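Here is the structure we will look at, set down as structure tokens.
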Amino acid sequence: MTQCLALASVDRVALAVLLARFGLALALVAPQEDIPGSYWGEREAGLKGDQLFARLDTPVHSVLHEAAHYLCMTPERRAGLDTDAGGDDLEEAAVCYLQILLAGELPGVGRERMLKDMDAWGYSFRLGGAGAWFECDAEDAREWLVKVGILDHAGLLTGDCATLPEEQERRRIEE
């Protein structure tokens, strides 16, 4: 079984810069300390407000998954965020899709490694592996990310967190 890539093995400055593009701050927690805001406990990443908490032994897939939850929330949900990101099944699929895209933005991580780590951790998809899902069965997740303004119609990151349609229209008018 593949061992999942840990935060200690990646460029944490590049990760912090990536998260900061979306208004999210990376907060490192001391070894063996409980991670604030962790839904799963142990070494899994946690969310509280606009802070993503992780230890050096936290898997990168966990960090990017929680970051993707933050990005997929409306501003109202982000304002009250503490541990449980909530959301429905379609949003969860969008979170998984987005964490793969975010991995592609990080040197030394990339999409392929993220897909392997998601499979190793036990993410579950209709078609089996994360790669098959991402390539052949994730259109609904991608469309959701476009609808809320996280991706453009070409499937590229816009640099924005989820917004309501009214907010998207206001931004288009201002541009």
### Query
So who's got an amide H within less than 5 Å of the one on A27, skipping anything under 5 residues away but keeping other chains? H placed 1.01 Å off N, in plane.
L52, F53, A54
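Starting from 0.36 nm per residue, how many nanometres of slack lie between D34 and E139 once their C-alpha separation is accounted for? Intermediate results must be reported in sequence, preceding the final value.
Numbers: separation 105, 0.36 × 105 = 37.80 nm, distance 3.66 nm.
Extra length from D34 to E139 when fully extended: 34.1 nm.
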### Task
Arrange the peptides 20-28, 111-119 so that the one whose residues have, on average, the most other Cβ atoms within 10 Å appears first.
111-119, 20-28
### Query
Any idea what the relative contact order of the chain is, in percent, if you count C-alpha pairs under 8 Å spaced at least 6 apart?
21 percent
### Query
What does the charge dipole of the chain about its Cα centre add up to, to the nearest 20 debye, if the Cβ of each Lys and Arg holds +1 and the Cβ of each Asp and Glu holds -1?
460 debye
### Cα gyration tensor shape of the chain, rounded if a/c is under 1.5, else prolate or oblate by comparing a/b with b/c
oblate
#### Entry: Relative contact order (percent, whole number), segment 83-156, Cα cutoff 8 Å, 6+ residue spacing
32 percent
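Every read-out reported here was derived from the displayed coordinates using simple, explicitly stated rules and does not represent laboratory data. Remember, predicted model here, so these are calculated numbers, not experimental data. Neighbour counts are summed over all protein chains in view; Cβ atoms, including those assigned to glycine, are modelled from backbone coordinates with ideal geometry.
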